[in-house]
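What follows draws every value from the coordinates through simple rules; no lab data is involved. All of these numbers come straight from a predicted model, not from anything done at the bench. In this analysis, Cβ positions are derived from the backbone assuming ideal geometry, glycine residues included, and neighbour counts consider all displayed protein chains.
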Amino acid sequence: MLEVGVETFSAEDLARHARAPATLRAYAADWRAFSAWAASQGLDALPATPQMVGRYVADQAGRLTPGTLERRVSAIVVAHRQAGYVLDRHHPAIAEPLAGLRRLVGSAAQHQKAALTGAELRAIVATLPQTLTGQRDRAVLLLGYAGAFRRSELAALQLSDLCWTGDGVAVTVRRRKEDAGGWGGVKGIPFGSSEASCPVRALQRWIMAAGLDEGPTFRPIDRHGNLGEAALSGDAVADIVKRSVRHWALASGRAVSASQADELAASVAGHSLRAGMITTAAREGASDWDILEVSLHRSRRSLGRYVRGGRWFANPAAAPGL
């Protein structure tokens, strides 16, 4: 047994927390998918040979993205390890089909949701109603964008994580996706220049309207307007983004039909807030280091794909002299 403070943990306890719950759920679904495929081929999923996993990669290449297949292979390897078997994901029969898939399809084939810019977000929140649900959704959108939050971070946010100051609100992120050791960070959210799109005021109004004093910051509201006690899920945060974009599209005339509004809603997700903030900040001249301080990315490399998109047309080396 390992002793940490007054608590004791077994090796099994620690092993169960080695991966995030969302990762464990994805691995379980991936293993079920592989097991079903193996059964359809008249094969045993456990133990599988490298050649069999390579066949699976080739068979699924036209249906799944390279990233999803990489994760599925990881899930298969983990399932074997847990069952006491050794399956080497670096075996040529597995590694080479994956490498060929990445070369032929490329990571660009993975669908990326649209980033919501600051201007778009201001227009979206302006169409939200002044109901309790509207107040919550406005706070989720504005805070999520201002702090480049992941949807999981917004869902996990507790009232005790908020520290109000004369300059805005300091938000403690207890655990970040990229922190293998479980360390968090603090994001400073300043007052906005416009009251209508100020993330701090929107958050304050939501908390007061909901009568919250402890527990989760963002909670579900049923169709009768009743406030729940539990926290929103990450999927619920993504639904708020989609529903708000759909409402704005119809209210503003951006979409002339429900089907067009549905298409716009399908183009965004919870990550659109984070991606939009980073892209907009880069476009407006913020340095990588300033953006990193807000986004809490671990490195400039992981930030790069957002920053480059924001600076495509501001690059002084593009079309010189024309």
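Values as computed for the structure displayed
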item	result
Cβ-based net charge around PRO216, under 11 Å, with every Lys or Arg adding one and every Asp or Glu removing one	-2
Which of ILE124, ILE207 has the fewest Cβ neighbours within 10 Å, and the rest in rising order	ILE207, ILE124
Debye log10 I(q)/I(0) at q = 0.09, 0.10, 0.11 Å⁻¹ for segment 118-313, Cα point scatterers	-0.32, -0.40, -0.49
LEU46-GLU195 FRET efficiency (beta carbon distance; Förster radius 45 Å; 0.05 resolution)	0.15
Inter-site label distance for LEU212 and GLN82 at 7 Å from Cα along Cβ, in nm	3.3 nm
Stokes-Einstein D (µm²/s) once Rh is taken as the Kirkwood radius of segment 37-107 over alpha-carbon pairs, at 20 °C in 1.002 mPa s	175 µm²/s
Spacing of the two label points (7 Å from each Cα toward its C-beta) at ARG89 and ALA123, in nm	4.2 nm
Extension gain, ALA28 back to ARG174 (0.36 nm per residue minus Cα-Cα distance, nm)	50.0 nm
Net +/- balance of residues flanking LEU64 in space, Cβ distance below 15 Å, scoring K and R +1, D and E -1	+3
